[in-house]
1. Of the conditions (1) open to solvent by 60 Å² or more (accessible area, probe 1.4 Å); (2) touching a residue at least 40 places away in the same chain (Cβ under 8 Å), Glu77 clears all except one; give me its number.
2. Would you say Leu15 is at pLDDT 95 or above and either under 13 Å from Gly68 (Cα atoms) or among the basic types (Lys, Arg) (or both)?
3. Does Leu15 satisfy the condition of being assigned to a helix (DSSP H, G or I), touching a residue at least 60 places away in the same chain (Cβ under 8 Å), more than 15 Å from Lys2 (Cβ to Cβ) and not aromatic (Phe, Trp, Tyr)?
4. For the range 57-74, give me the residue count where each residue is part of a helix (DSSP H, G or I), touching a residue at least 12 places away in the same chain (Cβ under 8 Å) and within 21 Å of Arg20 (Cβ to Cβ).
5. Looking only at the range 80-93, filter to residues that are assigned to a helix (DSSP H, G or I) and without any contact (Cβ under 8 Å) to a residue 12 or more places away in the chain; which one of those is least open to solvent (accessible area, probe 1.4 Å)?
6. Mind counting the residues in the range 8-20 that are in contact with a Lys or Arg (Cβ under 9 Å, 6 or more places away or on another chain) and open to solvent by 10 Å² or more (accessible area, probe 1.4 Å)?
7. Please count how many residues of the range 44-56 are crowded, with 16+ Cβ neighbours inside 10 Å and in a helix (DSSP H, G or I).
8. Could you say whether any residue in the range 21-33 is on the phi > 0 side of the Ramachandran plot, in contact (Cβ under 8 Å) with a residue 24 or more places away in the chain and exposed (fewer than 14 other Cβ atoms within 10 Å of the Cβ)?
Amino acid sequence: MKLVAPTDFEILETLEERGRNTGKNISLILDRNRSYINSEMAKLASNGLVRRVGPAQNSGLYEITERGEVALEYWRENEDTNVDFEALIRDRI
């Protein structure tokens with residue numbers, strides 16, 4: 001799993017600090033391109049770092065997962081993206 005610093009971690013931080021949110025809102029909070037944030041959100045979801053939540057299945061509402069919290073915690077401590085996040089998360093959960 002390859003994460004983009006700082007954007008992916010800023011997304012995870014935003015979800016951790018503010019709770020559930022949409023890609024559109026996060027793009028405004030982070031002052032980033034909406035399409036780019038949406039593609040990163042999909043990537044984070046496919047890696048299990050965030051998950052889509054309802055009420056509607058395709059509402060675009062996301063929340064951080066335990067896997068996302070572990071990745072964010074590691075990054076905060078080390079600011080290193082050259083790590084095998086899959087192995088790191090597997091060892092910590």
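The values are calculated or read from the model by the stated rules, or taken from the named source; none is laboratory data. Computed from a predicted model, the values in this text were never measured in an experiment. Backbone-built Cβ (ideal geometry, glycine too); neighbour counts: all protein chains shown. To get the accessible areas, we keep the full protein, side chains included, count just its heavy atoms, and leave off ligands, DNA and RNA. Shrake-Rupley method; radii C 1.70, N 1.55, O 1.52, S 1.80 Å.
1. With (1) open to solvent by 60 Å² or more (accessible area, probe 1.4 Å); (2) touching a residue at least 40 places away in the same chain (Cβ under 8 Å) applied to Glu77, the lone miss is (2).
2. Numbers: at pLDDT 95 or above: yes; either under 13 Å from Gly68 (Cα atoms) or among the basic types (Lys, Arg) (or both): yes.
For Leu15, the condition - at pLDDT 95 or above and either under 13 Å from Gly68 (Cα atoms) or among the basic types (Lys, Arg) (or both) - is met.
3. Working: assigned to a helix (DSSP H, G or I): yes; touching a residue at least 60 places away in the same chain (Cβ under 8 Å): no; more than 15 Å from Lys2 (Cβ to Cβ): yes; not aromatic (Phe, Trp, Tyr): yes.
No.
4. To start, the set of residues in the range 57-74 that are part of a helix (DSSP H, G or I) comprises 66-74.
With the extra rule that they be touching a residue at least 12 places away in the same chain (Cβ under 8 Å), the set shrinks to 66-72, 74.
Subsequent filtering for residues that are within 21 Å of Arg20 (Cβ to Cβ) retains 66-72.
Matching residues across the range 57-74 total 7.
5. Taking the range 80-93 and keeping what is assigned to a helix (DSSP H, G or I), we get 85-92.
Subset that is without any contact (Cβ under 8 Å) to a residue 12 or more places away in the chain: 87, 90-91.
On the way: Ala87: 24, Arg90: 151, Asp91: 129 Å².
Taking the candidates together, the pick is Ala87.
6. Within the range 8-20, residues that are in contact with a Lys or Arg (Cβ under 9 Å, 6 or more places away or on another chain) and open to solvent by 10 Å² or more (accessible area, probe 1.4 Å) number 2.
7. Final tally of qualifying residues: 1.
8. Step one: filter the range 21-33 for residues on the phi > 0 side of the Ramachandran plot, giving 31.
Retained after the next criterion (residues that are in contact (Cβ under 8 Å) with a residue 24 or more places away in the chain): none.
Checking the range 21-33: not a single residue is on the phi > 0 side of the Ramachandran plot, in contact (Cβ under 8 Å) with a residue 24 or more places away in the chain and exposed (fewer than 14 other Cβ atoms within 10 Å of the Cβ).
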